[in-house]
Amino acid sequence: MLQATTPLPPPSAELIAARLDRLPVTRRLSIIRIVIGAATFFDAYTVLAIAFAMPVLVREWSLSPAEVGAILSLGYVGQLIGAVFFGWLAERIGRIKVLWITITLFVGMDIACLFATGAVSMMLCRFVQGIGTGGEVPVASAYVNEMIGSRKRGRFFLLYEVIFPVGLMFAGVVGYFLVPLYGWRAMFLVGLVPSVLMFPLPFLMPESPRWLAARGRLAEADAVVSEFEQSAERSGHVLAEPSPLASLTVARTDWHELFRGIYRGRTFMIWTLWFCAYMVLNGMITWMPTLYREVFKLPLETSLAYGFTTSACGVVASIVCALLIDRVGRRNWYAAAFALAVIPLALLAITGADTVLHVLVLVSTAYAIVQTIAFSMYLYSAELYPTRLRALGTGCGSAWLRLGSSTGPLVVGYVSTAAGIGSVFAVFGCVLALGAVVTWAFAVETAGKSLETLSP
């Protein structure tokens, strides 16, 4: 027989946060994680689909290295715009409405990519598609982060976020099996699957109670939290009394606050980490299938298989990170990972990336290490800001992800042409070393602390 809970006082923003903070992971929360994760899975797939279509497009459209770099990079430029704009919009109209808009946008542009006839049309499609994909992930991340308490937040969130590298790996599987048989358009046809998620999303998912409370919609927030509490009690959990929280700052979203007080240092720190991790990560993963084929003259199937192998290593490393990061801590993990990933890249720079086996092993090692930083940065970014700034701060931070991601392919294209592949890895090693220094000097630890305590 379930123990009755003590009646709670009238809802307030502080009480809503305190009630959320002591909730266990329930079936209802798991369903939310799965549904939002499915959308994020295909967002990740969409981001990398072009990399596995590119080895065919290079020859079919006679693309130059500069055109390849531009096609890969413009998608990330669109993501930069989408991350900032939709992060801002999510603070005003809510997380769920914005998720519906972004999924609609990137699915629609996936259809448009099927009809691209050359470099210019593909650049345009990928740019507009990037606006949708860039908006979905930071808003989804803020939403999932706001649903769970401090004790298990890292593991709960990252077991959702691990779906992103799984989506990247799935793009490799589809590329390997379908592109040689059906051509590059097969990559975009598979990307239409998230359209089935688009329409029921607003009806299946409740709005973030933290966002509702921050907007003064306390009755709605109370109803959502009550539903979660009832789900926990039906599962046999006995809920502790909410621990009192200090009074929360009640204010409208003001982007200037990102650059004031304690948030100024956090903002510049997180921007640097986003840029360093993703410049290297996407610089490597988007170009590698094409480099294997064009530089090492490997068959198409082998080039795609090697790209998939690298993605798979990232998934394994991400799962390990998800299980351990609450114990190790964000700051320690990032500093160590940035420093360790420099080693395989330095070896590639010294040897000149002379054999394809060396490249495969060392690139996969570096990619796996950096992936643990990259896939968990949404967790860390969301922890650094209060609810009134969370989606905007995460969106602005991930805009630097897009800037780094658009820079990475361009660096590979131009540096490899001018100075060889080994020089590319030397540049990437220096970027990661910068990330390690900034982490040690400026990162703050957030593991095990409530969102409201971290960011008043």
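The residues of the stretch 328-369 that are over 13 Å from PHE425 (Cβ atoms) and not in a helix (DSSP H, G or I), listed by number, are GLY329, THR355.
Condition test on LEU389, is it buried (at least 24 other Cβ atoms within 10 Å of the Cβ) and part of a helix (DSSP H, G or I)? Spell out the reasoning first.
Numbers: buried (at least 24 other Cβ atoms within 10 Å of the Cβ): yes; part of a helix (DSSP H, G or I): yes.
Considered against the rule, which asks whether it is buried (at least 24 other Cβ atoms within 10 Å of the Cβ) and part of a helix (DSSP H, G or I), LEU389 comes out as yes.
Which residues, counting only those in the stretch 334-359, are aliphatic (A, V, I, L, M) and either touching a strand residue (DSSP E or B) at 6+ places or on another chain (Cβ under 9 Å) or touching a residue at least 60 places away in the same chain (Cβ under 8 Å) (or both)?
Of the residues in the stretch 334-359, the ones aliphatic (A, V, I, L, M) are 335-337, 339-343, 345-350, 353, 356-357, 359.
Of everything in the stretch 334-359, those that are aliphatic (A, V, I, L, M) and either touching a strand residue (DSSP E or B) at 6+ places or on another chain (Cβ under 9 Å) or touching a residue at least 60 places away in the same chain (Cβ under 8 Å) (or both) turn out to be ALA335, ALA339, ALA341, VAL342, LEU345, ALA346, LEU348, ALA349, ILE350, ALA353, VAL356, VAL359.
A single member of LEU304, LEU281 is more than 22 Å from GLY435 (Cα to Cα), part of a helix (DSSP H, G or I) and either hydrophobic (A, V, I, L, M, F, W, C) or at pLDDT 80 or above (or both), and it is LEU304. Look at (1) under 20 Å from LEU403 (Cβ atoms); (2) within 18 Å of the chain's Cα centre (by Cα) and you find that ALA66 fails only one, number (2). Residues that are closer than 26 Å to PRO206 by Cβ, touching a Ser or Thr at 6+ places or on another chain (Cβ under 9 Å) and among the aliphatic types (A, V, I, L, M) within the stretch 94-117 comprise ILE96, ILE103, LEU105, VAL107, listed in sequence order.
Looking only at the stretch 323-363, which residues are small (Gly, Ala, Ser) and either over 23 Å from VAL437 (Cα atoms) or touching an Asp or Glu at 6+ places or on another chain (Cβ under 7 Å) (or both)?
Narrowing the stretch 323-363 to residues small (Gly, Ala, Ser): 329, 335-337, 339, 341, 346, 349, 352-353.
Within the stretch 323-363, GLY329, GLY352, ALA353 meet the criteria.
Taking into account only those residues within the stretch 415-456 that are closer than 19 Å to ALA51 by Cβ and either charged (D, E, K, R) or at pLDDT 80 or above (or both), which is farthest from the chain's Cα centre (by Cα)? Top of the filtered list is VAL415.
Filtering the stretch 264-304 to residues that are farther than 25 Å from ALA339 by Cα, in contact (Cβ under 8 Å) with a residue 24 or more places away in the chain and surrounded by fewer than 19 Cβ atoms within 10 Å (Cβ to Cβ) leaves GLU294, VAL295, PHE296, LEU298, LEU300, GLU301.
If we keep just the residues of the stretch 179-204 that are out of contact with any Ser or Thr (no Cβ under 6 Å at 6 or more places or on another chain) and not in a helix (DSSP H, G or I), which is modelled with the lowest pLDDT? Spell out how you get there, then give the answer.
Of the stretch 179-204, the ones out of contact with any Ser or Thr (no Cβ under 6 Å at 6 or more places or on another chain) are 179-190, 192-197, 199-204.
Now restrict to residues that are not in a helix (DSSP H, G or I): 183-184, 192-194, 199-200.
Details: GLY183: 87, TRP184: 89, LEU192: 78, VAL193: 72, PRO194: 63, PHE199: 60, PRO200: 65.
The qualifying residue modelled with the lowest pLDDT is PHE199.
The values are calculated or read from the model by the stated rules, or taken from the named source; none is laboratory data. In this text the structure is predicted, and so the values were computed from the model without any measurement. In this analysis, Cβ positions are derived from the backbone assuming ideal geometry, glycine residues included, and neighbour counts consider all displayed protein chains.
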